[in-house]
Amino acid sequence: LCRTRTQTVFSDGREHARVMFIGEAPGESEDRQGVPFVGAAGQLLTDIIQKGMGLARNEVYIANVLKCRPPGNRDPEEEEKALCTPYLDRQIELVNPELILALGLHAARHLLRTPLSMGRLRGKVHAWRGRKVVATYHPAYLLRTPSAKKDCWQDIQLAMRELGLTPPGKAPR
C-alpha cells in the first residue's frame, strides 16, 4: 500500500483519550490530508462526536486499522490488516482508552476477531484485552443508508452510558 498512497494516515486526537474510534482505512481525502475521517464520512463522525456525544473532536482519538489507502478505496485485504495490526495494537496500548468504538464491519471483525455480522455485533458491549468495545456502522455506510442512523445512535448512547456521559441538552438521571 505504501507504493500507491500519498502519505501515511496515522491518527487524530488526544493522546490519552477516554474514547477511541477505529475505522477500516483512509479514503481519498484522508490520503491527501494525512488525517483520518476528514471527508464526508469524517464530517458525519465529527457531528456524532460533537453534537451527539457532547465532546470536542480533539478530546477523542481516531485511527484506522490500515494506515494507508487501498487503491480505489477497495476493501482491506487480510494480509494488509495483519501487517498493520502491530501499529494499531500499539496505538491502543499508548492511548489506553476506556472504550473503543469500532466503526464498520471491517474494523469490528478485525478487532474482535469474529466473523459475525454487524447486526449480531452491534447493540452490545464486547470485551477486548480488558477494554470495552462497541461496534457500530461506519459513517460512510450511514451516508449511503440513512435508515441505519437510528441504530448507530443507539450504539453511541450505549457507549456513552458505559462512559457515564450524558447527551448534550439532556439532564443527568
Output for Cβ contacts, cut-off 7 Å, separation at least six or different chains, first residue more than 23 Å from ASN73 (Cα to Cα) in the stretch 41-56, second hydrophobic (A, V, I, L, M, F, W, C) and not in a helix (DSSP H, G or I), reads ILE49/LEU55; ILE49/VAL60; GLN50/ALA56; MET53/LEU165; GLY54/LEU165
Looking across the stretch 1-28 at residues that are among the hydroxyl-bearing types (Ser, Thr, Tyr) and more than 14 Å from the chain's Cα centre (by Cα), the single one that is nearest to ARG74 (Cα to Cα) is THR4
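Quick one: count up the residues across the stretch 132-167 that are part of a strand (DSSP E or B) and open to solvent by 40 Å² or more (accessible area, probe 1.4 Å).
We begin by selecting, within the stretch 132-167, every residue part of a strand (DSSP E or B); these are 132-136.
Cutting the leftovers down to open to solvent by 40 Å² or more (accessible area, probe 1.4 Å) gives us 132.
Within the stretch 132-167, residues that are part of a strand (DSSP E or B) and open to solvent by 40 Å² or more (accessible area, probe 1.4 Å) number 1.
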In the set LEU88, LEU103, the lone residue that is more than 20 Å from LEU142 (Cα to Cα), hydrophobic (A, V, I, L, M, F, W, C), modelled with pLDDT of 95 or more and surrounded by 20 or more Cβ atoms within 10 Å (Cβ to Cβ) is LEU88
Of the residues in the stretch 9-47, those that are modelled with pLDDT under 90, surrounded by 16 or more Cβ atoms within 10 Å (Cβ to Cβ) and in a loop (DSSP other than H, G, I, E, B) number 2
When restricted to PRO115, PRO86, the only residue more than 16 Å from the chain's Cα centre (by Cα), outside any loop (DSSP other than H, G, I, E, B), on the phi < 0 side of the Ramachandran plot and free of Cβ contacts under 8 Å to residues at least 24 places away in the same chain is PRO86
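The values are calculated or read from the model by the stated rules, or taken from the named source; none is laboratory data. Everything numeric in this text was worked out from a predicted model, so none of it was measured. Don't worry about glycine lacking a Cβ; one is built from the backbone with ideal geometry, like all the others, and counts go over all protein chains shown. Protein only, heavy atoms only, side chains kept; ligands, DNA and RNA dropped before computing areas. Shrake-Rupley method; radii C 1.70, N 1.55, O 1.52, S 1.80 Å.
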